[in-house]
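The values are calculated or read from the model by the stated rules, or taken from the named source; none is laboratory data. Here the structure is a predicted model, which is why all the values come from computation and not from measurement. Methodologically, a virtual Cβ is constructed for each residue, glycine included, from the backbone with ideal geometry; neighbour enumeration extends over all protein chains shown.
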Amino acid sequence: MSKVYQEIETIFTTGIAEEYLGEDVKLVEHMLQCGDLAREAGAPDYLVVASLLHDIGHLLVDDAPGAQDSGIDMHHDVVGAQWIEARFPATVSEPVRLHVAAKRYLVTTNHDYLSKLSHASVQTLYMQGGPLNQEEVIDFISREGAEDAVRVRLWDDLAKIRDKQTSSLADFKSAIDSLAIDR
């Protein structure tokens, strides 16, 4: 078992893992659903792992629920990506880093997208900066990993079904181990 897998397993089993900031699904349950959706779509392992870990930053920041209730963006995307980039290649960390910007991009470029977001996701959209301006759209889509981040974001939006049967973290172990940079 890789050191990285063990770290993820520990993070996924902490008490905070139960809370998902206003959504009607547990955070780890949401992350497992997102990983499953990526796998079901035939995504490559790096994107499956990025989907699985996209919200790990929520588990790494202090008092994420309290910050959100106070309207403070704890930048879980950046926190998560920084943790991931120390353990995985950029193909895994960059979609995580950009998945919030991908939501802002989709709101700006797809007029139906906002209406499909959960109430909690709409609330966080404005804490995270709201829709992008035209210059930000161009900057976002030109970034390495942006297209993958959009895919993660779309799976993220669909992965909010309470009590949905999911794979276990152990079902992702081989993908995690094959990509992990054990240090």
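Would you confirm whether any residue within region 149-164 is over 15 Å from the mean Cα position of the chain (by Cα) and either surrounded by 14 or more Cβ atoms within 10 Å (Cβ to Cβ) or modelled with pLDDT of 95 or more (or both)?
no
Looking at (1) in contact with a Phe, Trp or Tyr (Cβ under 7 Å, 6 or more places away or on another chain); (2) exposed (fewer than 11 other Cβ atoms within 10 Å of the Cβ), find the lone condition where residue 168 falls short.
(1) is the only condition that residue 168 fails.
Within region 133-174, how many residues are in a helix (DSSP H, G or I), in contact (Cβ under 8 Å) with a residue 12 or more places away in the chain and under 22 Å from residue 14 (Cα atoms)?
Total meeting the criteria: 4.
Looking only at helices (runs of 4 or more DSSP H) that fall completely inside region 18-95, which ones have 3 or more residues that are at pLDDT below 90?
56-60, 64-69, 76-85
Go through region 106-121 and count every residue that is assigned to a helix (DSSP H, G or I) and either surrounded by fewer than 14 Cβ atoms within 10 Å (Cβ to Cβ) or charged (D, E, K, R) (or both).
3
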